[in-house]
Every structure is written in structure tokens, then in C-alpha cells.
1. Which value, in Å to one decimal place, does the Kirkwood hydrodynamic radius take for segment 300-345 when every pair of different Cα atoms is included?
2. In segment 149-223, which trypsin sites (Lys or Arg not before Pro) fall in coil by DSSP and have 13 or fewer other Cβ atoms within 10 Å?
3. Can you grab the distance from the C-alpha centre of segment 74-133 to the C-alpha centre of segment 221-263, Å, no decimals?
4. For the chain, what is the charge dipole size about the Cα centre, in debye to the nearest 20, if Lys and Arg each add +1 at the Cβ and Asp and Glu each add -1 at the Cβ?
5. At q = 0.15, 0.22 Å⁻¹, what log₁₀ I(q)/I(0) does a Debye calculation on the Cα points of segment 114-187 give, no solvent, two decimals?
6. Considering the dipole of segment 102-259 built from charges on the beta carbon (Lys and Arg +1, Asp and Glu -1) around the Cα centre, which of MET147, THR200, ALA253 is farthest to its positive end?
7. Grab the alpha carbons of segment 196-318, take their convex hull, and tell me the volume per residue in Å³.
8. What percentages make up the Cα-Cα pair-distance distribution of segment 17-148 when the bins are 10 Å wide from 0?
Amino acid sequence: MIRRATAVALMLPVALAAQRPTTAADVQRVLFPLADDSMAGRMTGTPGEAKAARFIAGAMQHIGLTPLGDSGYFQRVPTAVIPLAQPRRGRTERVVLAGSFADRDTFPVERRRNSVNVVGLLDGSDPRLKDEVILVDAHFDHVGVGMAINGDSIYNGADDDASGVTAVLEIARQLAAGPRPKRSVLFVATTGEEAGLLGTRWFIDHPAVPLARIVANLEIEMIARPDSLAGGAGKAWLTGYERSTMGDELAAAGIPIGPDRRPEQRFFERSDNIAFARRGIVAHTLSTYNLHADYHQPSDDVAHVDLDHMAAVINAAARATRLLADGPKPAWKPGGQPAAPAARP
């Protein structure tokens, strides 16, 4: 797997590692391959997911991140598929997380799947703070190939969430090329979000760094299109803004990331950040999702991406990550931390 990741890295243009803010061309260079038809919708446990993982690992290697998976940049995740009682949107099975690789091997061979998270670390520079970690993550899976709509059966997931993965890689590129942050920054692309946070659940039970060292989590989800309620192009919002001091700290620094104006949608609880928040980590999702009609449709493709908007949001997110890595740790406000997860049977 490492040899294949190296080959992908060699194909990435040198410009990816240049020290400069993210541009529309940078966004296109990363986003378009991830959302290409050749990735077949990046569904967990499919060849399309594996191809996307290799691309992400190659980018992390090119940037110079330290691999923290159990196989280079890859953290293997034991998954399998089980049949659906009723077919849904052209699909007859769903992906599940096994409790261990031994448990996965109790499934029939044809139902076992190989899935991965992709994990890279940028070491901090401050001897006192480098053991504290800022987690920046996005899920790279989507919903794969399904029922054809207007002749298109590939659900590319350009906004959901190739856009977030693009941000993770570009933030890593910017921080690695600039002054080293004081705290360490862990960059993770997780699998299985669409199937129930499978990759994040496995990561939490098998963390690449002890969870006690993670002092903040910035998840990035769906930033490919402007949201008028956030202020339009280049502006983003933070789920659960009122729950912690993170949003206030970003606003005080002039970073254009504000509150979520659609609290009725309960976005704070609808992405990977919630799993970390329930473990006590101050964790929010940055987004510009405007409830567009292409959500989970084949039409969520690169034709609808606003490259300049994405570049501006990524640059804001890079500033936010730098602030989290160098500044005071965010804290939950009274009553802001969600309840801990119930014990699993």
C-alpha cells in the first residue's frame, strides 16, 4: 500500500507544496480528482474508496506529514456488508463496522470489505505545547453508485465531502510550508461517515494519538458553495457555535466564520465532530452548506462548485487552525458539552 501511495504522490504537482494561500487552481487540482467519475462515488469498502484513499495519502506524503496509520498513512477499518431488508435507491446492502478484524472474518468472504482512514501528523514546535493536538478532519467517503437520475448513476459527492477533504489537505499544505505551529496538528480523512460514522468510531476506539491529547477538533463538511445566511462567498459558519469559546476566539481574530443560522437542522449532531464532542473534546464542524437540492444526488458534481469561494473559506480555515494551534485552548461554555455516549452492549 505504501508503494502505491508513493506513486500517487509523485504524480501530484510540485505547486501543491508551494508556500502561499490556497487559490482556485489549488482547489481544482485536489477536488476534481476526488469527485471524478473514476472514484465511483467513493463508497466505503469499494475500489473507489481505496483509490481516493491512495490519492489522499499521496498528498499527505507530498506535503511532508508524518504517517500515523497502522499501515503507513492508512488506518485499516474492519467493515463488512449486510443485505438490506428492502432495496433503497438502487442498493441492496449496507456497510457496517465490525468490532475487530477477527469479528469481520466471521462474515462470509464475499461480504468482507477493506476500508481505511488516512492519517498524517504535523509535529508542533513548542516543547511545552507539542503534546497537545488539534484535529482537522473531513470524511472522504460518499454514497457510491446508485439509482440513475437523468442518466447519471454516479453520486460524486463533490460538496459532500470532497470539498472538506480538499480543505484538510490545503490547510496541511499551508501549515507545513509556513512557521511550524506550536501545537501538533493531526490531519485525518475518515471513511464511513455516510454509513454511520464508521471510520470515526473506529478511530476513537483506536486513536492515532491518545484522545486526552486532542484539545480541539475542526471538522470540515460541505464548503463548495456559498451560503447567503453566512454572508455569501468566502464566509462560513460553525455548528454549535454557541456551545464553546471556539467561535468567539475566531471572531475576535477577524476570521470570517460565524454562527450556524439553521439551528433547527441540528447540524452539530450530523457529522463526525459529534462523536469527539461526546468524548469531551471541543469539536465543531465548519461548513457553508446552503441546503442545496443536489445533496446526495448525482448532480453534486464539480460543475456546481464555486472555486473562488472554496479557496477563500479554506484560507479562513487555515487561519482558524493556526489560531487553535498557537493560541488559547477553546473550552466548553456552561451546558455546551453534549452528553457522553451510552455504553455499547
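1. Roughly 14.5 Å, rounded to one decimal.
2. none
3. Their Cα centres are 30 Å away from one another.
4. 780
5. -0.62, -0.96
6. Towards the positive end, the residue furthest out is ALA253.
7. Cα convex hull per residue, to the nearest whole number: 122 Å³.
8. Going out from 0 Å in 10 Å bins, segment 17-148 shows 11, 33, 32, 17, 6, 1 percent.
Bear in mind that the values in this text are calculations on the coordinates, not laboratory data. This is a predicted model, so every value here is computed, not measured. Methodologically, a virtual Cβ is constructed for each residue, glycine included, from the backbone with ideal geometry; neighbour enumeration extends over all protein chains shown.
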